[in-house]
Amino acid sequence: MPRFFCGQVCGDTAVVTGEDARHMALSLRMKIGEAVTVCDGAGRDYQCRIETIAPEQVLLRVGQSAVSAGEPRVEITLYQAMPKGDKFESIVQKAVELGAARIVPVLTHRCVSRPDEKAMRKKLERYNRIALEAAKQCGRGRIPQVEPMLHFSQAVERMKCEPLAILFYENADQPLHQALRSGVGGRISLMVGSEGGFEPSEAGFAVENGLMALSLGSRILRCETAPVAALAAILYAAGEF
């Protein structure tokens, strides 16, 4: 059954507008009476039927509703150091598909990509568009946001307030699986480096502020591979796979 995001659902009525409405009316050529699933973006799905349809707006009659099955029980924030080229776009897509709640770009000492404020605003628009499309494709109940870029110290300050905050560091001695033996749940923050990883001083600062420095194994992973591996491992430990 086709699935779309909509605005707020009011009683037994939901409305789809914008690109989704045009897609339903012009590309899919959906008809009055067809069944469709819509999500309010807050983690709830609604089974609906089309009452009126036009490229500008689709009016739906709401039937049953349920909590979105596509949302994980753990809330993971990925703090990703800015990589070169378009790698961040792939990271956003895969992180949303796996279940990340939000993605925060981070500027670290070893980042080669160092966009200024104007360039970052344009990038954020594209990143959030990618997040939206990924959320639609994989059946998420929320649209994860790609937030404005933080400097490393700012990211650590935010992460240290979380119940579990992890810095993945290539020189760390403790492997991830040891930290996950007792299970995971609630809110989790992860930070992954760019090409070249983190400076020792950055890792030291993170640990001093309460973050766990952990290893993803003996093999050196690319910066676009590491967040995917980390998210998958943590979600598996949380019982999501």
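Can you give the extra length, in nm with one decimal, that the chain gains between His109 and Glu147 once fully stretched, where that is 0.36 nm per residue apart less the Cα-Cα distance?
Net length gain for the segment: 11.7 nm.
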Short version: ³J(HN,Hα) in whole Hz for each residue of the stretch 8-13, in order, from phi by Karplus 6.51 cos²θ - 1.76 cosθ + 1.60 (θ = phi - 60°), x for Gly and Pro, what are they? 5, 8, 10, x, 9, 10
Hey, with R₀ at 51 Å, roughly what FRET efficiency would Glu75 and Ser27 work out to, going by the Cβ-Cβ distance, to 0.05? 0.90
So for the stretch 1-142: antiparallel DSSP bridges make up what percent, rounded to the nearest 5? 70
Estimated FRET transfer efficiency when R0 is 25 angstrom, pair Arg187-Ala232 (beta carbons, to 0.05): 0.85
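Grab the beta carbon distance between Gln47 and Arg126, set R0 = 41 Å, and tell me the FRET efficiency rounded to 0.05.
It comes out at approximately 0.80.
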In nm, to one decimal, how far is the modelled label at Glu34 from the one at Gln8, with both set 7 Å along Cα→Cβ? 2.9
Spacing of the two label points (7 Å from each Cα toward its C-beta) at Gln178 and Phe205, in nm: 2.6
Distance between the stretch 30-77 and the stretch 178-241 - C-alpha centres, whole angstrom: 34
Under 22 Å Cα to Cα from Lys118, which lysines show up? Leave out anything in the same chain fewer than 8 places away. Lys84, Lys87
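Since every read-out is calculated from the coordinates, none of them should be taken as a lab result. Here the structure is a predicted model, which is why all the values come from computation and not from measurement. Cβ sites come from the backbone with ideal geometry, for glycine too, and all protein chains shown count toward neighbours.
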